[in-house]
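For reference, the structure discussed in these notes is given below.
The values are calculated or read from the model by the stated rules, or taken from the named source; none is laboratory data. Since we're looking at a predicted model, the values are computed, not measured. FYI the Cβ positions are ideal-geometry reconstructions off the backbone, even for glycines, and counts take in every protein chain you see.
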């Protein structure tokens, strides 16, 4: 099938309103005339769920395609032509030429015991490998304590992953992803186990095995462990950057949205951020802030400034209502809301000298789940 002949669409990344259009795409999602185009989309699980990677003039975004918002989105992607290029439209108006990244080659392999590599780690964005080392979580196991936006158990229940990835499995898959698909860095997150280290131990074991097998920059993500000594242990094991995710900030909002995680007080997060920066360096520690869950732009920006002052990268991403979660019917934040946060935050990040491109590994470096990096420099406009 070939694309409909039309005037050449504008290059979205070069257009004066490119950042706004990208932000709208992430907020409103995308309808696909050919759902099978490119690599498979992601349903459920940890990370950018119900999304599909979309490359627009060299910029790869994770865009919702399986949410209620996406089903009614004004953005539509034509079926790709023979050259793999699709036309992005708003309504019937062509906006840009886009591509969907192809299925990575390592997905076709399995371990010696028959587990498909794709069940151990997946490709996120354009060149980052991601895995949830422990696909179970003490927060998720209790309806009363589960984070209301989380879908970590969905992919496990559907048989798309396994509960625990061993260090050997992760090392094998990481090596193959680098050699076959040119993966440049890797993210390891984890559900929170019932131990005081909150997952740091299994991340250390995994990092050591991966770095022994392949020279691949790593990010580890977990809740703040019980002692700051874990930060040096993680670095010694081969972790380059660390993510400890706040998601939301206000005390009442934390109790409502993530009652289990809220048992770890904000004071512990602030202490842990400072201690982690001492180990990993400025800009190599990050946190997720989910915009659209109730924190105001003023709260998000004030919190981000405090994080930047500590040397922590505030990765502000739009909340995505994932099917099957308590918040599946909650609307995603509007593009105007996101711009009200990201535009000033981009200036703040640039002023602090903590740009996404300087992060060694992880979500902030990948940058596909937010358009924040597009606001960090006027060259993106």
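Of all residues in segment 340-367, which are within 16 Å of residue 126 (Cα to Cα) and either assigned to a helix (DSSP H, G or I) or outside the structural domain of residue 207 (by TED's automatic domain parsing) (or both)?
Of everything in segment 340-367, those that are within 16 Å of residue 126 (Cα to Cα) and either assigned to a helix (DSSP H, G or I) or outside the structural domain of residue 207 (by TED's automatic domain parsing) (or both) turn out to be 356, 357, 363, 364, 365, 366.
Only one of these conditions is not met by residue 319: (1) surrounded by fewer than 24 Cβ atoms within 10 Å (Cβ to Cβ); (2) in contact with a strand residue (DSSP E or B) (Cβ under 6 Å, 6 or more places away or on another chain); (3) closer than 13 Å to residue 304 by Cβ. Which number is it?
Against the list (1) surrounded by fewer than 24 Cβ atoms within 10 Å (Cβ to Cβ); (2) in contact with a strand residue (DSSP E or B) (Cβ under 6 Å, 6 or more places away or on another chain); (3) closer than 13 Å to residue 304 by Cβ, residue 319 comes up short only on (3).
If we only count helices (runs of 4 or more DSSP H) wholly inside segment 223-295, which ones have 2 or more residues that are farther than 25 Å from residue 360 by Cα and out of contact with any strand residue (DSSP E or B) (no Cβ under 7 Å at 6 or more places or on another chain)?
Values: elements: 229-237, 251-257, 266-280.
Where helices (runs of 4 or more DSSP H) fall fully within segment 223-295 and carry at least 2 residues being farther than 25 Å from residue 360 by Cα and out of contact with any strand residue (DSSP E or B) (no Cβ under 7 Å at 6 or more places or on another chain), they are 251-257, 266-280.
Output the number of the condition that residue 198 fails; it satisfies all remaining conditions of (1) assigned to a helix (DSSP H, G or I); (2) out of contact with any helix residue (DSSP H, G or I) (no Cβ under 7 Å at 6 or more places or on another chain).
Checking residue 198 against (1) assigned to a helix (DSSP H, G or I); (2) out of contact with any helix residue (DSSP H, G or I) (no Cβ under 7 Å at 6 or more places or on another chain), the one that fails is (1).
Can you pull out every residue in segment 300-335 that is over 30 Å from residue 240 (Cβ atoms) and out of contact with any helix residue (DSSP H, G or I) (no Cβ under 9 Å at 6 or more places or on another chain)? So that I can check it myself, show each step before the final result.
The first filter runs over segment 300-335 and keeps only residues over 30 Å from residue 240 (Cβ atoms), leaving 321, 323-335.
Correct list: 326, 330.
Specify which of the listed residues (242, 170) is touching a helix residue (DSSP H, G or I) at 6+ places or on another chain (Cβ under 7 Å), more than 26 Å from residue 289 (Cα to Cα) and buried (at least 20 other Cβ atoms within 10 Å of the Cβ). Step through it out loud before you land on a result.
Numbers: 242 fails: more than 26 Å from residue 289 (Cα to Cα).
Only one candidate passes the filter, namely 170.
Of all residues being buried (at least 24 other Cβ atoms within 10 Å of the Cβ) and outside any helix (DSSP H, G or I) in segment 300-315, which is farthest from the chain's Cα centre (by Cα)? Just the residue, please.
Across segment 300-315, the extreme among qualifying residues is 312.
What single numbered condition from (1) at pLDDT 90 or above; (2) in a loop (DSSP other than H, G, I, E, B); (3) out of contact with any strand residue (DSSP E or B) (no Cβ under 6 Å at 6 or more places or on another chain); (4) over 30 Å from residue 72 (Cα atoms) fails to hold for residue 142?
Checking residue 142 against (1) at pLDDT 90 or above; (2) in a loop (DSSP other than H, G, I, E, B); (3) out of contact with any strand residue (DSSP E or B) (no Cβ under 6 Å at 6 or more places or on another chain); (4) over 30 Å from residue 72 (Cα atoms), the one that fails is (1).
For residue 219, state whether it is in contact with a helix residue (DSSP H, G or I) (Cβ under 8 Å, 6 or more places away or on another chain), in a strand (DSSP E or B) and in the same structural domain as residue 311 (by TED's automatic domain parsing).
So residue 219 fits the description; yes.
Output yes when any residue across segment 271-292 is within 30 Å of residue 141 (Cα to Cα), out of contact with any helix residue (DSSP H, G or I) (no Cβ under 9 Å at 6 or more places or on another chain) and surrounded by fewer than 24 Cβ atoms within 10 Å (Cβ to Cβ), and no when none is.
Within segment 271-292 (the criterion being within 30 Å of residue 141 (Cα to Cα), out of contact with any helix residue (DSSP H, G or I) (no Cβ under 9 Å at 6 or more places or on another chain) and surrounded by fewer than 24 Cβ atoms within 10 Å (Cβ to Cβ)), the answer is yes, since at least one residue qualifies.
Which residue is farthest from residue 80 (Cα to Cα), if the candidates are limited to segment 10-39 and must be exposed (fewer than 15 other Cβ atoms within 10 Å of the Cβ) and either at pLDDT 50 or above or in contact with a strand residue (DSSP E or B) (Cβ under 6 Å, 6 or more places away or on another chain) (or both)? I'd like the intermediate steps shown before the answer.
Applying the first criterion (exposed (fewer than 15 other Cβ atoms within 10 Å of the Cβ)) to segment 10-39 yields 11, 14, 16-17, 33-36.
In the following step, the residues that additionally are either at pLDDT 50 or above or in contact with a strand residue (DSSP E or B) (Cβ under 6 Å, 6 or more places away or on another chain) (or both) were identified as 11, 17, 33-36.
Working: 11: 17, 17: 24, 33: 9, 34: 8, 35: 10, 36: 10 Å.
Ranking the qualifying residues of segment 10-39, first place goes to 17.
Assigned by TED's automatic domain parsing to the domain that holds residue 365, closer than 19 Å to residue 51 by Cα, surrounded by fewer than 20 Cβ atoms within 10 Å (Cβ to Cβ) and under 24 Å from the mean Cα position of the chain (by Cα): which single residue out of 130, 126, 121, 151 fits that description? Before you say what the answer is, go through the steps one by one.
Details: 130 fails: surrounded by fewer than 20 Cβ atoms within 10 Å (Cβ to Cβ); 121 fails: surrounded by fewer than 20 Cβ atoms within 10 Å (Cβ to Cβ); 151 fails: surrounded by fewer than 20 Cβ atoms within 10 Å (Cβ to Cβ).
The conditions single out 126.
Assigned to a helix (DSSP H, G or I), within 29 Å of residue 264 (Cα to Cα) and modelled with pLDDT under 95 - does that describe any residue in segment 148-155? Before the answer, list the steps.
Going residue by residue through segment 148-155, those that are assigned to a helix (DSSP H, G or I) are 154-155.
Still in the running and within 29 Å of residue 264 (Cα to Cα): 154-155.
Okay, now just the ones that are also modelled with pLDDT under 95, so 154-155.
Looking through segment 148-155, at least one residue is assigned to a helix (DSSP H, G or I), within 29 Å of residue 264 (Cα to Cα) and modelled with pLDDT under 95.
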